[in-house]
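Below: the structure, in structure tokens.
The values are calculated or read from the model by the stated rules, or taken from the named source; none is laboratory data. None of these values were measured; they are calculated from a predicted model. Glycine also receives a Cβ, built like all others from the backbone with ideal geometry; neighbour counts cover every protein chain displayed. Keep in mind that these areas ignore ligands, DNA and RNA; they rest on the heavy atoms of the full protein, side chains included. Shrake-Rupley method; radii C 1.70, N 1.55, O 1.52, S 1.80 Å.
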Amino acid sequence: MRRLSFPPRGRAGLAEIAANHLSPAAPSLYAGRAGFVEIGEAASHAIDIASANWRASAAVVALKLPDALFLDIGSTTTDIIPIVGGQVATVGYADAERLAAGELVYTGMTRSFVMSLASRAPFRGALTPLMNEYFASSADVHRILGDPPRRRG
């Protein structure tokens, strides 16, 4: 088994590691709005490569559904991605832009704080204010309701 060494070059370093382990194949990297780029171009496309998974998923959906609203609900966040005319039609690209545009919501299936989901909850027949403390997560809500989120894979 080969020993991994991690050069301190961020995404470009990770791309180099991938290239070494996938050799002799010449893999490309998905760089979001820039499309696929060669491994050697990783450093110049670092911003487009970072967190491009939401866009990759939406681009695949757009191939089948030219007009759709794609929701990707993860453990921490939810991506809300409009697809119009077979194209990803988000206002923002980076997480901060998408957050400001309402296309990225920090509410997920398992790791969201209960008090971030609602200010009150029914308890013993009355709506009761929730404490602003991290005692429970959205995963606990699913457990109580008898519908725990299923792990993929």
Q: Rounded to the nearest 500, what is the 222 nm mean residue ellipticity of the chain from helices alone, with -39500 (n - 2.57) per DSSP H run of 4+ residues and division by all residues?
A: -8000 deg cm²/dmol
(Q) Tell me which of 47, 115, 73 sits at the most positive position along the dipole axis of the range 1-146, charges placed on C-beta atoms (Lys, Arg +1; Asp, Glu -1). (A) 115
**Q.** Net length gained if the chain between residue 133 and residue 105 were fully extended (0.36 nm per residue, minus Cα distance)
**A.** 8.1 nm
**Q.** Amide H contacts of residue 121 (H built 1.01 Å from N, under 5 Å, at least 5 apart or other chain)
**A.** 128, 130
Q) Just by accessible area at a 1.4 angstrom probe, what is the order of 45, 21 from largest to smallest? A) 21, 45
(Q) Which order do the peptides 59-67, 97-105 come out in when sorted by mean C-beta neighbours inside 10 angstrom, highest first? (A) 97-105, 59-67
Q: Please report, as a whole percent, how much of the solvent-accessible surface of the range 15-63 comes from carbon and sulfur atoms (probe radius 1.4 Å).
A: 60 percent
Q: With a 1.4 Å probe and every protein chain left in place, work out the accessible area per residue of the chain in Å², rounded to a whole number.
A: 70 Å²
Q) Using the alpha-carbon atoms, what tilt in degrees (0 to 90, nearest 10) does helix 53-64 show relative to the longest principal axis of the chain? A) 90 degrees
Q: Report the extension gain between residue 72 and residue 53 in nm, rounded to one decimal, defined as 0.36 nm multiplied by the number of residues separating them, less their alpha carbon distance.
A: 5.8 nm
(Q) With θ taken as phi - 60° and the coefficients 6.51, -1.76 and 1.60, list the Karplus ³J(HN,Hα) couplings across the range 33-38 in order, rounded to whole Hz; mark glycine and proline as x. (A) 5, 8, x, 8, 10, 6
Q.
What distance in nm lies between label points placed 7 Å from Cα along the C-beta direction at residue 26 and residue 91?
A. 4.2 nm
Q: Tabulate in residue order the Karplus-calculated ³J(HN,Hα) for the range 117-125, using 6.51 cos²θ - 1.76 cosθ + 1.60 with θ = phi - 60°, rounded to whole Hz; enter x for Gly and Pro.
A: 8, 7, 8, 9, 9, x, 8, 6, x
Q.
Please compute, for the alpha-carbon atoms of the range 6-153, the extent along each of the three principal axes and give them in descending order in Å.
A. 64, 40, 29
Q.
Taking amide H atoms as placed 1.01 Å from N in the peptide plane, list the residues 5 or more away in sequence, or in a different chain, whose amide H sits under 5 Å from that of residue 31.
A. 36, 37
Q: For residue 94, enumerate residues with amide H under 5 Å from its amide H, sequence gap 5+ or separate chain, H modeled in the peptide plane.
A: none
